[in-house]
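Take a look at the structure set out below.
Derivation of every value follows stated rules applied to the coordinates shown; laboratory data play no part. Keep in mind that this is a model prediction, so the values were computed, not measured. As a convention, Cβ positions derive from the backbone with ideal geometry for all residues, glycine included, and neighbour counts pool all protein chains shown.
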Amino acid sequence: MNGTLVLQTIVAMVLAVLTYAVVSFLVGGLLTLFNMVFTVLRLGIIEFMAVIAGSAAGVLAARAACDNVLRAYSERALFVMFAALAVLGAGFEFFFVPLKWEQIISYAQCATVVVAAYSVFWKGEVF
């Protein structure tokens, strides 16, 4: 790897995390609000669907942002970053948060991030 590719990969990592955080928060929040207003589903189901959709949309938006802003970066390094963050998040939930049934939502979010990042960054395909 040359110096330019390394620098652009580092910039892509920062950009991807920020884009993921903003988009997943917005999509998850809007879906939760929409579902709470217009449906009679249980709140846990609404939260589960919003987290899954928000995570997938966040990873897709991160790929789009990196492709639009940067010319060349290591996509596989971004997958490794997303996978490491998801594993760290799941590990934190497992070891430091009291065990409750609602934790399945956090684990589902971590799994969605890994699957979406694998599809988008490792294989280079969009769902």
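Points worth noting:
- Here Ala16 clears all of (1) under 21 Å from Trp122 (Cβ atoms); (2) surrounded by fewer than 18 Cβ atoms within 10 Å (Cβ to Cβ) except the condition numbered (2).
Quick grid of which residues meet (1) of a type in the set (Phe, Trp, Tyr); (2) in contact with a Ser or Thr (Cβ under 9 Å, 6 or more places away or on another chain); (3) free of Cβ contacts under 8 Å to residues at least 40 places away in the same chain; (4) surrounded by 14 or more Cβ atoms within 10 Å (Cβ to Cβ):
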residue	(1), (2), (3), (4)
Ala65	no, yes, no, yes
Tyr73	yes, yes, no, yes
Ala86	no, yes, yes, yes
Phe96	yes, no, yes, no
Glu102	no, no, no, no
Gln109	no, yes, no, yes
Thr112	no, yes, no, yes
Val120	no, no, no, yes
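- Of all residues in region 1-13, those that are small (Gly, Ala, Ser) and surrounded by 14 or more Cβ atoms within 10 Å (Cβ to Cβ) total 1.
- For region 92-110, the condition of being of a type outside the set (Ser, Thr, Tyr) and touching a Cys at 6+ places or on another chain (Cβ under 9 Å) holds for at least one residue.
- Residues in region 84-127 that are in contact with a helix residue (DSSP H, G or I) (Cβ under 8 Å, 6 or more places away or on another chain) and farther than 27 Å from Ile45 by Cβ: Phe121, Trp122, Gly124, Glu125.
- Any chance Gln109 is in contact with an Asp or Glu (Cβ under 7 Å, 6 or more places away or on another chain) and not acidic (Asp, Glu): no
- Of all residues in region 21-45, those that are over 17 Å from Val113 (Cβ atoms) have Cβ atoms under 8 Å from Cβ atoms of residues that are assigned to a helix (DSSP H, G or I) and β-branched (Val, Ile, Thr), 6 or more apart or on another chain, in Thr32/Ile46; Asn35/Ile46; Met36/Ile46; Thr39/Ile46; Gly44/Ile105.
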